[in-house]
Amino acid sequence: ADEVNEYDLSNAWDVSSASFLQVKSITTEDTGPDGLSFTQDGTKMYVVGNAGDDINEYDLSTPWDISTASFLQNFSVAAQNTTPTGLFFRPNGGSMYVNGAAPGEVNQYTLPLDSLRRMRLFEGFRVMVNSGRIIIQQANE
């Protein structure tokens, strides 16, 4: 299916307690989604596009609520992997790792500073990068 399904867990980390909550169609961006990742604050969702050989980025206007996801951009990994299946981000957001079946390897990508514009440094503050300028502000601003 060309969608992301969200489940509620009545017991944290216990998949046997899962109940279906909602679905988000991503057919427009990819017809073969495989992997999924979120930023730590839940405001961004990344989907591995197996059919498009890319990573699709979504903004979530309500953190962790996939019904509020809107497509932002994609990043092609076709030159390195024609069957991407999963991804992982370093906790600081500075690198992205994509694995896949063809050619059966893990590729590391260094993300530009602009990709780190909303990374949290520590509780109550965030970092934003705008045209190479680093801005630190309190989260409530």
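Summing charges over neighbours of Ser19, with a neighbour being any other residue whose Cβ is under 14 Å away from its Cβ, gives -3 when K and R count +1 and D and E count -1. For Met45, neighbours were defined as the other residues whose beta-carbon sits under 9 Å from its Cβ, and their charges (Lys and Arg +1, Asp and Glu -1) total 0.
With Cα atoms defining each centre, segment 46-107 and segment 1-45 are spaced 14 Å apart in the structure.
None of the figures in this text is laboratory data; all of them are computed from the coordinates on show. Values in this document were obtained by computation on a predicted structure and should not be read as measured data. Here Cβ is always computed from backbone atoms with ideal geometry, including for glycine, and neighbour counts include all displayed protein chains.
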